[in-house]
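The values are calculated or read from the model by the stated rules, or taken from the named source; none is laboratory data. All of these numbers come straight from a predicted model, not from anything done at the bench. All accessible areas refer to the heavy atoms of the entire protein, side chains included, with ligands and DNA or RNA removed. Shrake-Rupley method; radii C 1.70, N 1.55, O 1.52, S 1.80 Å.
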Amino acid sequence: MDLPQINIETILYPTDLSENARIAFSYAISLSAKYNAKIKILHVMQEPSDKAVKLIGDDQWMKFRKERSENAKSILIGKRQEAAEIRESLGKFVNKTMNQDGMVPFFADEILLEYGNPAEVILRVSEERKCDLIVMGSRGESGLMGAMLGSTVSRVLKKSGIPILAIRAK
């Protein structure tokens, strides 16, 4: 039986900036070095839930949504201090991982900051940017909590058209 040749040119690395995500980043870097692939780093800011929207009312929600939309545009083009702080955190996160012994250099093609449902944004970005692999951390929720809440990783696994490497916390 002939196995298909694996060709990875672009890796999407979604991060919540947690310690587990940093561990997953080391896998993304290693795979990037092995396949000479670019890494796209993605951080998603979660939108408020429907329950939160109902609590504040429609008028207040529309006002809040307009302000948030304007803020998101400002953040994405780097005009607000908040954007600088988040981008600085992403940079520190990358540098902390890079400064560990044995880490190899990599090429971060893009650092993206997006708003929305994390799973949906990860899936959309992976398609739009034509990624070949998603490497992400997983907290390993199980039991009732995992069944009730699910996880971003499980939602992405169910709907992704590309391979996913999920790194579970130790």
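Counting only protein chains, not ligands or nucleic acids, how are T15, T152 ordered by accessible area (probe 1.4 Å), most first? Numbers along the way, then the final one.
Values: T15 10, T152 40 Å².
Greatest to least solvent exposure: T152, T15.
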Residue-wise, which Karplus ³J(HN,Hα) couplings in Hz belong to the stretch 117-123, taking 6.51 cos²θ - 1.76 cosθ + 1.60, θ = phi - 60°, and x for glycine or proline?
6, x, 4, 5, 5, 4, 5
When the Karplus curve 6.51 cos²θ - 1.76 cosθ + 1.60 is applied with θ = phi - 60°, which whole-Hz ³J(HN,Hα) does each residue of the stretch 130-137 get, with x for Gly and Pro?
6, 6, 9, 7, 10, 10, 9, x
Going down the table (K54/K130; K54/K158; K130/K158; K40/K158; K38/K159), which pairs top 26 Å between alpha carbons?
K54/K130; K54/K158
Quick one: which residues, 5+ away or cross-chain, put their amide H under 5 Å from the amide H of L42? H built at 1.01 Å from N.
Y13, T15, L112
What residues have an amide H closer than 5 Å to that of S138, excluding those fewer than 5 places away on the same chain, when H is modeled at 1.01 Å from N in the peptide plane?
I167, R168, A169
